[in-house]
1. Report every pair of residues separated by at least 6 positions or lying on different chains whose Cβ atoms are under 6 Å apart, first residue within the stretch 37-62 and under 17 Å from H12 (Cβ atoms), second surrounded by fewer than 20 Cβ atoms within 10 Å (Cβ to Cβ) and modelled with pLDDT under 95.
2. Since S107 meets every condition but one in (1) farther than 16 Å from D140 by Cβ; (2) over 16 Å from the mean Cα position of the chain (by Cα); (3) among the small types (G, A, S), which condition does it not meet?
3. With the requirement that a residue be of a type outside the set (D, E) and more than 22 Å from R16 (Cα to Cα), what does the stretch 113-130 give you?
4. Look through I139, I133, I77, I81 and report the one residue that is surrounded by fewer than 21 Cβ atoms within 10 Å (Cβ to Cβ), touching a residue at least 40 places away in the same chain (Cβ under 8 Å) and β-branched (V, I, T).
5. Being closer than 16 Å to R58 by Cβ, surrounded by fewer than 18 Cβ atoms within 10 Å (Cβ to Cβ), of a type outside the set (A, V, I, L, M) and touching a helix residue (DSSP H, G or I) at 6+ places or on another chain (Cβ under 7 Å): is that true of G144 here?
6. Mind listing whichever residues of the stretch 1-29 are in a loop (DSSP other than H, G, I, E, B), under 20 Å from E138 (Cα atoms) and small (G, A, S)?
7. What about S153, is it over 19 Å from the mean Cα position of the chain (by Cα), at negative phi and among the polar types (S, T, N, Q)?
8. Just one of I33, I7, I60 is among the aliphatic types (A, V, I, L, M), surrounded by 14 or more Cβ atoms within 10 Å (Cβ to Cβ) and in contact with an Asp or Glu (Cβ under 6 Å, 6 or more places away or on another chain); which is it?
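The values are calculated or read from the model by the stated rules, or taken from the named source; none is laboratory data. Here the structure is a predicted model, which means the values were calculated and not measured. Neighbour counts are summed over all protein chains in view; Cβ atoms, including those assigned to glycine, are modelled from backbone coordinates with ideal geometry.
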Amino acid sequence: MAENLKIYYYPHSMLREEAKPVDNIDGELQHLIDSMAETMYRAKGIGLAANQVGLLKRIIVFDVNPADKRGDFSVLINPEIVESEGEMVNEEACLSVLEYSAKVKRSAKVKVRGYDRDGREVGIEAENNLLCICLQHEIDHLNGILFIDRISSLKKALYKKRLKKILKRRGNLSNPM
């Protein structure tokens with residue numbers, strides 16, 4: 001049975017670690033994938049990377065469908081962006097970055113390669129849409145990069161200051177730091 005995993009919040013050091021490639025797709029990994037999806041849905045997110053739940057494995061789950069059509073998530077194991085071009089700017093938020101969103105510059109078109117939960121190679125092309133943003137955002141996580149690393153240093157400094165107040169108000173969420 002899938003379980004709801006603990007999401008790590010910025011500035012936890014786990015979010016800065018680079019995830020390691022998965023070399024064995026087994027029952028334990030299948031359980032992890034289902035638990036990641038369960039966690040993503042409960043948190044009302046559209047994507048989740050394994051290091052956001054404390055595991056340094058190159059796995060992402062995502063579902064960019066409208067709210068009434070969610071539940072059929074996708075998974076990519078060992079995803080990598082193999083091609084990108086263009087530029088777009090969109091508002092982003094993150095399950096690991098509390099109470100904050102900002103405009104982020106990303107590639108307008110990406111080609112991503114990885115493996116599905118059965119070990120079959122998968123290729124995904126996305127252009128100027130939510131899937132394009134989500135794939136780049138989640139793959140960044142696997143490389144220890146957060147969307148706030150892609151905003152101005154002033155905006156990031158202001159968020160860090162605000163975060164102290166948020167954590168104090170929330171009782172620090174027992175976030176292991």
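1. T39/N4
2. It fails just one condition, (1).
3. Residues of the stretch 113-130 that are of a type outside the set (D, E), as a first pass: 113-115, 117, 119-120, 122-124, 126, 128-130.
R113, Y115, R117, G119, R120, V122, G123, I124, A126, N128, N129, L130, listed by residue number.
4. Working: I139 fails: surrounded by fewer than 21 Cβ atoms within 10 Å (Cβ to Cβ); I133 fails: surrounded by fewer than 21 Cβ atoms within 10 Å (Cβ to Cβ); I77 fails: surrounded by fewer than 21 Cβ atoms within 10 Å (Cβ to Cβ).
Criteria check complete, one pass: I81.
5. On the way: closer than 16 Å to R58 by Cβ: yes; surrounded by fewer than 18 Cβ atoms within 10 Å (Cβ to Cβ): yes; of a type outside the set (A, V, I, L, M): yes; touching a helix residue (DSSP H, G or I) at 6+ places or on another chain (Cβ under 7 Å): yes.
Taking the combined requirement at face value, the residue satisfies it.
6. A19 - this is the single residue of the stretch 1-29 that is in a loop (DSSP other than H, G, I, E, B), under 20 Å from E138 (Cα atoms) and small (G, A, S).
7. Numbers: over 19 Å from the mean Cα position of the chain (by Cα): yes; at negative phi: yes; among the polar types (S, T, N, Q): yes.
So S153 passes the test.
8. Values: I33 fails: in contact with an Asp or Glu (Cβ under 6 Å, 6 or more places away or on another chain); I7 fails: in contact with an Asp or Glu (Cβ under 6 Å, 6 or more places away or on another chain).
Exactly one of I33, I7, I60 is among the aliphatic types (A, V, I, L, M), surrounded by 14 or more Cβ atoms within 10 Å (Cβ to Cβ) and in contact with an Asp or Glu (Cβ under 6 Å, 6 or more places away or on another chain), namely I60.
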